[in-house]
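Worksheet: one structure, shown below.
The values are calculated or read from the model by the stated rules, or taken from the named source; none is laboratory data. What you see is a predicted model; the values in this text were computed from it and never measured. Glycine also receives a Cβ, built like all others from the backbone with ideal geometry; neighbour counts cover every protein chain displayed. Ligands, DNA and RNA are excluded from the accessible area calculation, which covers all protein heavy atoms including side chains. Shrake-Rupley method; radii C 1.70, N 1.55, O 1.52, S 1.80 Å.
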Amino acid sequence: MKFNKVLDNCKIYEAGKPIELVVREYGVDENDIIKLASNENPYGTSPLVIKKIQESAQNMFVYPDDSMYELKEALANKFAVQSDNIIIGAGSDQILDFVIKAKCDENSKILMSKTTFAMYEIYGRQTGCQILKTEDNEHNLSQFETMYKEHGADIIFLCLPNNPLGECLDKNDVYEFLKKVDKDTLVVVDGAYQEYATFKDSKKAINPADLIEHFPNAIYLGTFSKAYALGGMRTGYGIGQTNIIKTMYKLRPPFNITTLSLAASIEALRDETFVNNCIKLNFVEMKRYEEYAKSKGFSYIESYTNFITLKFDNKYISSDVAQNLLQRGVIVRDLTGYGVNAIRVTIGTNAQNTKVFKVLDEVLEDLEK
Ligand SMILES: *Cc1c(COP(=O)(O)O)cnc(C)c1O
């Protein structure tokens with residue numbers, strides 16, 4: 001059977017391995033498995049949010065509020081923008097899909113960093129557009145500028161901070177770059193980990209209201225899946241000027257997030273104490289990974305997120321390390337597929353991380369034999 005030919009160049013997204021798979025394939029006890037592969041919040045969902053979800057379960061027989069009035073109001077308040085500057089998606093993944101479909105066709109070009117969030121390329125290829133990547137793995141704005149001058153682009157993706165590497169550009173440098181970008185190029189600032197970056201270093205903080213005021217051709221993306229601990233609820237959002245947001249609305253399926261997702265996300269925004277505490281603990285625990293890497297003599301990328309990328313250079317092969325960890329019940333993300341000899345480890349709880357170091361010690365020792 002023949003299919004849409006643009007799909008010939010499309011890859012299927014590979015999500016972090018689920019716990020069930022490790023139980024099935026390696027017979028590890030479910031309770032002993034540590035999943036640090038998808039940058040989920042290891043502290044679980046806020047108890048207040050869980051309570052809200054339980055209460056909302058009464059209303060499952062009616063469709064959700066398709067205007068998403070309350071969530072948009074709450075986000076508008078938080079970010080000091082208007083409700084009509086906001087669009088909600090089933091994860092910010094769905095916003096990425098809207099963004100690309102709103103702007104691109106098979107003659108379009110998308111510019112991104114060499115090693116960045118896989119979905120930019122996947123959605124880009126679905127519309128048949130050309131993918132341009134800078135040479136360095138980490139974001140390098142002078143390379144972005146050179147390539148933009150040479151090829152132009154319909155969309156530029158900046159992942160700030162970047163998944164899967166963890167690095168983050170300074171806001172001032174980003175703004176200097178944006179001044180050189182044509183008004184008709186859409187710039188997507190993916191802020192999936194901005195809550196972490198902002199906490200660690202105020203120079204990294206991107207304020208969505210300020211961004212879209214200075215650069216009306218920019219759109220900011222946020223998610224409830226990471227710091228807000230709601231990956232299972234699939235809530236993300238885009239913040240942009242109304243002409244961009246209105247166009248994206250044409251692509252939005254009705255009721256694209258659920259009543260439970262709406263209730264949970266609204267409550268998660270209210271429970272600031274929970275989020276702030278998780279972020280603080282994240283960086284306390286991240287220090288331990290940095291020290292561990294130093295003690296073992298391999299390098300890591302300074303991270304502004306809830307994960308850390310450990311680079312093995314010529315010492316170990318990352319796919320071997322990841323596979324051996326998996327067999328022992330520790331799920332991490334191997335970055336070989338991205339062309340990097342490194343693993344990405346989501347920062348877990350104190351107890352989880354202690355176990356990761358112990359298991360990693362064993363694995364590295366085995367691999368040296
Ligand atoms: C996790 C992530 C997203 C989207 O997550 P959703 O769960 O779809 O909201 C977007 N961009 C980056 C860089 C991410 O890491």
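State whether region 19-141 is rounded, prolate or oblate according to the following rule on the C-alpha gyration tensor (a ≥ b ≥ c being the square roots of its eigenvalues): a/c under 1.5 gives rounded; otherwise a/b larger than b/c gives prolate, and the remaining case gives oblate.
Numbers: a/c = 2.04, a/b = 1.14, b/c = 1.79.
Note, shape of region 19-141 comes out oblate.
Could you tell me the distance between the Cα centroids of region 134-159 and region 40-95, to the nearest Å? Centre-to-centre distance over Cα atoms comes out at 33 Å.
Summarising the label geometry, the points placed 7 Å from Cα in the beta-carbon direction at residue 210 and residue 78 lie 1.8 nm from one another.
Report the net charge of residues surrounding residue 304, where surrounding means a beta-carbon distance below 11 angstrom and charges are Lys +1, Arg +1, Asp -1, Glu -1. Don't skip to the end; give the middle numbers.
Numbers: positive: 200, 203, 204; negative: 167, 170, 195, 201, 302.
Combined, the nearby Lys, Arg, Asp and Glu give -2.
Per residue, region 47-271 exposes 42 Å² of accessible surface when a 1.4 Å probe is rolled over the protein heavy atoms with every protein chain present.
If you take the square roots of the eigenvalues of the alpha-carbon gyration tensor of region 1-62 and sort them as a ≥ b ≥ c, do you get rounded (a/c under 1.5), prolate (a/b over b/c) or oblate? It is oblate, given that a/c is not under 1.5 and a/b is not larger than b/c.
Taking a straight line from the alpha carbon of residue 369, these aspartates and glutamates sit under 19 Å away, with near neighbours fewer than eight places off in the same chain left out: 313, 320, 361.
The modelled label-to-label distance between residue 66 and residue 369, using points 7 Å beyond Cα along the C-beta direction, is 6.2 nm.
Among the chymotrypsin sites (Phe, Trp or Tyr not before Pro) in region 40-73, which ones are in a DSSP loop with at most 13 other Cβ atoms within 10 Å of the Cβ? Mind listing them? Let's see the in-between values first.
On the way: sites: 43, 61, 69; in loops: 43, 61.
Those that pass, being in a loop and sparsely packed, are 61.
Largest GNM mean-square fluctuation across 38, 225, 299, computed for the chain with C-alpha springs under 10 Å, falls on 299.
A 31 angstrom limit on the alpha carbon distance is what I want to check against. Which of 52/103; 5/114; 17/294; 200/296; 280/355; 35/311 exceed it? Walk me through the numbers before you get to the answer.
Numbers: 52/103 37 Å; 5/114 25 Å; 17/294 28 Å; 200/296 25 Å; 280/355 20 Å; 35/311 19 Å.
With Cα atoms farther than 31 Å apart: 52/103.
The ellipsoid equivalent to the alpha-carbon distribution of region 72-197 has semi-axes of 22, 18, 15 angstrom, derived from the gyration tensor eigenvalues as √(5λ) and listed largest first. Backbone amide hydrogens, once placed in the peptide plane, bring residue 218 within less than 5 Å of 187, excluding anything fewer than 5 places away on its chain.
Note down the net charge around residue 131, summing +1 for each Lys or Arg and -1 for each Asp or Glu among other residues with Cβ under 9 Å from its Cβ. Please report the intermediate quantities before stating the final value.
Details: positive: 109, 125, 133; negative: 121.
Computed value for this residue: +2.
The translational diffusion coefficient of the chain, from Stokes-Einstein at 20 °C and 1.002 mPa s with a Kirkwood hydrodynamic radius over alpha carbon pairs, comes to 100 µm²/s.
Each DSSP beta bridge with both residues in the chain is either parallel or antiparallel, and the antiparallel ones are about 50%. What shape does region 146-287 take by its C-alpha gyration tensor, where a ≥ b ≥ c are the square roots of the eigenvalues and a/c under 1.5 counts as rounded, a/b above b/c as prolate, and the rest as oblate? Oblate is the answer for region 146-287, as a/c is 1.5 or above yet b/c matches or exceeds a/b.
Would you compute, from DSSP H runs of 4+ residues alone, the mean residue ellipticity of the chain at 222 nm, taking -39500 (n - 2.57) per run and dividing by the full residue count, rounded to the nearest 500?
Result for the chain: -13000 deg cm²/dmol, rounded to the nearest 500.
Using C-alpha pairs under 8 Å with a sequence gap of at least 6, the mean separation divided by the residue count of the chain gives a relative contact order of 23 percent.
If r is the Cβ-Cβ distance from residue 107 to residue 32 and R0 is 45 Å, what FRET efficiency results, to the nearest 0.05? All intermediate terms of the calculation are to be shown ahead of the outcome.
Working: r = 52 Å, r/R0 = 1.15.
The calculated FRET efficiency here is 0.30.
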